[in-house]
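Heads up: the structure comes next, in structure tokens.
Nothing in this text is a laboratory measurement; each read-out follows from the coordinates by a stated rule. These numbers come from a predicted model, not from an experiment. For neighbour counting, all protein chains shown are included, and Cβ atoms are generated from backbone atoms with ideal geometry for every residue, glycine included.
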Amino acid sequence: MRHIETLSPELKLIVSDEHTFGTDALCLASFTSPRRKDVCVELGTGCGIISFYWFRENMGKQIYAVDIQENAINQLKESISINDVAVGEIITPICSDLKDLKGKIPNASADVVCMNPPYKPIGTGIISERDVDKIARHETECTLDDICNTAKYLLKYGGRLCICFKPERLVEAINAMQKAKIEPKRLRFVTQKPTSTPWLVLLEGRLGGKSGMTVEPQLVIESDEMEKIIGQYRK
């Protein structure tokens, strides 16, 4: 089942049962916030919500939206086609394994790389039956190390990698970044309520950055701040 999500009066996004978005993607999009002049790459784009958010907020002069699933890229191309031609001039869909981007996106060209990755390592949890769910939820196609190594290839020196994941994998994510010479610089926990245990972590690293990380105030889902983030998608 497909429907159109209206992100603004002029911008619409097709979502489906297979390729949609959730609160975690909204949190990550807000956390990432590229500059207007940045070259940006969204890995595992799915329906393209983060790339479309960047476009709508005038973030990024060039946006590459990458996904290994052909259906996701075709859906994103349809979303681009129902909007003004300017969307297609900024957002470039690429159907590719993120481990095979050489020749598709220039080396050391990106200011920002972003991914909402599969949360479950191989060998943990109940494996989803549908391939689309398996790819989205389990590390069947890429690992944290793969993501960080791809970001190392794509990023300019000093460029940023932003990801979100479950709190229990924080140490693993930090180690994966550091192995790829990406130094963790910003960390933010996401909770449902001010007194709740965090259910999501937002982490930013810089390629070649110096050691020293800022832990930002937690993002509370049931808050005015989150209402503003959600509202930004429905201007």
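Taking the stretch 175-196 as the range and being in contact with a Pro (Cβ under 8 Å, 6 or more places away or on another chain) and either of a type in the set (S, T, N, Q) or surrounded by fewer than 16 Cβ atoms within 10 Å (Cβ to Cβ) (or both) as the test, the residues that pass are 178, 191. Meeting the requirement of 1 or more residues that are of a type in the set (Lys, Arg) and surrounded by fewer than 20 Cβ atoms within 10 Å (Cβ to Cβ), the helices (runs of 4 or more DSSP H) wholly within the stretch 1-93 are 49-56, 70-81. How many of the residues making up the stretch 16-36 are free of Cβ contacts under 8 Å to residues at least 60 places away in the same chain and touching a Lys or Arg at 6+ places or on another chain (Cβ under 9 Å)? Here the count works out to 3. Name the residues in the stretch 184-196 that are in a loop (DSSP other than H, G, I, E, B), over 18 Å from residue 26 (Cβ atoms) and touching a residue at least 24 places away in the same chain (Cβ under 8 Å), would you? 194, the sole residue that qualifies. Screening 200, 161, 154 for residues that are of a type in the set (A, V, I, L, M) and over 28 Å from residue 102 (Cα atoms) leaves exactly one candidate, 200.
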